[in-house]
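No value in this document is a laboratory result; all are computed from the given coordinates. The structure displayed is predicted, hence computed values, not measured ones. Neighbour counts run over all protein chains shown; Cβ positions are idealised from the backbone, glycine included.
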Amino acid sequence: MKSFCVVGAGFSGAILARHLAERGYKVTVVDERPHIGGNCHTERDAETGVMVHKYGPHIFHTADERAWEYVQRFGKFQPYVNRVKAISKERVYTLPVNLLTINQFFGTTMGPKDARAFIESKADRSIQAPRSFEEQALSMIGPELYRAFFHGYTRKQWGLEPTELPASILKRLPLRFNYDDNYFNHPYQGMPEDGYTSIVQNILAVDGIDLRLGCSFESLEEQYDHVFYTGPIDRYFQFRLGRLGYRTLDFERFVDDGDHQARLLSTIAMKLCRLPVFPSISILHRGSRRNSLKQCASVNIVVSPVSRIFRIIPSAW
Ligand SMILES: Cc1cc2nc3c(=O)[nH]c(=O)nc-3n(C[C@H](O)[C@H](O)[C@H](O)COP(=O)(O)OP(=O)(O)OC[C@H]3O[C@@H](n4cnc5c(N)ncnc54)[C@H](O)[C@@H]3O)c2cc1C
């Protein structure tokens with residue numbers, strides 16, 4: 001019988017391993033981290049009871065009904081809709097840019113048709129063949145919305161000036177001419193009640209899987225007939241073919257009391273003005289274990305008596 005090694009105990013590795021094991025194969029799963037779950041790993045903070053998304057906040061969202069049904073076999077999901085707020089020039093707006101954002105930003109009361117025509121009239125028609133992200137955006141929506149909602153965010157996301165990024169990144173700007181402020185277009189969204197790691201643990205809970213944590217693929221001495229490698233592809237080739245550029249994040253943890261919603265927004269505004277990097281801030285809140293996620297259902301900034309805050313700061317490539 002063929003022997004299999006799956007490198008990585010995140011969602012990809014766990015699902016691959018389960019399906020192989022269910023077909024009767026022996027599968028070795030290795031992950032160099034001391035835990036399963038990959039970048040979706042979650043752990044309950046002992047001090048505050050907060051469910052921490054260790055490598056950044058994760059929202060499960062998909063348009064694939066099969067994927068949605070599949071994942072629910074391994075854990076209970078609470079309804080969650082991601083509603084994002086942004087500050088521009090001392091005012092709070094909803095994202096992605098929608099009819100409310102447009103009307104609030106320009107001080108208008110336009111309907112969908114007029115708003116569409118208005119935004120088209122803002123587009124810079126002198127740019128015929130956009131050469132950068134910035135030119136592409138300006139040719140689609142004009143300078144005001146671009147400066148307010150895309151320029152800073154793009155710098156944060158990529159760590160590069162929008163003038164240095166290729167136009168191809170921006171095939172379509174997320175712009176809505178209705179009042180839908182649901183960040184994702186996907187019909188299925190949720191937040192796992194017991195975190196993602198519990199789901200991955202349940203996926204891996206099948207006979208035939210030999211899980212080895214704290215174990216790198218490179219350190220394995222055994223030979224396998226087939227390896228599924230879910231790590232960085234440049235590393236798989238021991239960087240012989242070069243190195244890919246990766247965006248990384250640093251997390252700064254602190255625990256504090258009080259209502260952080262207002263502070264959160266003013267902090268973002270302040271940092272947007274003054275810092276060369278643009279922090280995102282996630283508040284992961286405490287509450288009773290059961291109802292805490294329900295509170296998350298309608299907004300992504302949640303207020304609670306005790307909050308644990310991470311500033312997520314994009315760091316070097
Ligand atoms: C900040 C952030 C926010 C995100 N938010 C969302 C979100 O809201 N919704 C969403 O759907 N997706 C989100 N994602 C993407 C999501 O994290 C990934 O799609 C998902 O984790 C991919 O799972 P994976 O199993 O393929 O890989 P990973 O989760 O990266 O797991 C790969 C595992 O392989 C291990 N590994 C790699 N190389 C080796 C090696 N040589 N030897 C041993 N082990 C190795 C690693 O330690 C890691 O645990 C986000 C990602 C980040 C970084």
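Brief remarks follow.
- Of the numbered criteria (1) assigned to a loop (DSSP other than H, G, I, E, B); (2) within 12 Å of the ligand (Cβ to nearest atom), the one Y224 fails is (2).
- Those strands (runs of 3 or more DSSP E) lying entirely in region 74-146 with at least 3 residues touching a helix residue (DSSP H, G or I) at 6+ places or on another chain (Cβ under 7 Å): 84-88, 91-95
- A count restricted to region 21-32 and to residues that are more than 25 Å from T248 (Cβ to Cβ), touching a residue at least 40 places away in the same chain (Cβ under 8 Å) and either assigned to a loop (DSSP other than H, G, I, E, B) or out of contact with any helix residue (DSSP H, G or I) (no Cβ under 6 Å at 6 or more places or on another chain) (or both) stands at 6.
- Condition broken by S216, with the remaining ones in (1) more than 11 Å from the ligand (Cβ to nearest atom); (2) of a type in the set (G, A, S); (3) in contact with an Asp or Glu (Cβ under 9 Å, 6 or more places away or on another chain) satisfied: (1)
- Candidates H35, H61 - the one that is within 30 Å of F254 (Cα to Cα), in contact with a strand residue (DSSP E or B) (Cβ under 6 Å, 6 or more places away or on another chain), buried (at least 16 other Cβ atoms within 10 Å of the Cβ) and not aromatic (F, W, Y): H61
- Being within 13 Å of the ligand (Cβ to nearest atom), closer than 26 Å to P174 by Cα and within 22 Å of the chain's Cα centre (by Cα) is true of T62.
- The requirement of being crowded, with 19+ Cβ neighbours inside 10 Å and within 17 Å of L170 (Cβ to Cβ) is fulfilled somewhere in region 105-121, by at least one residue.
- In region 44-58, the qualifying residues are those that are surrounded by 16 or more Cβ atoms within 10 Å (Cβ to Cβ) and not in a loop (DSSP other than H, G, I, E, B), and the one that is nearest to the ligand (Cβ to nearest atom) is H53.
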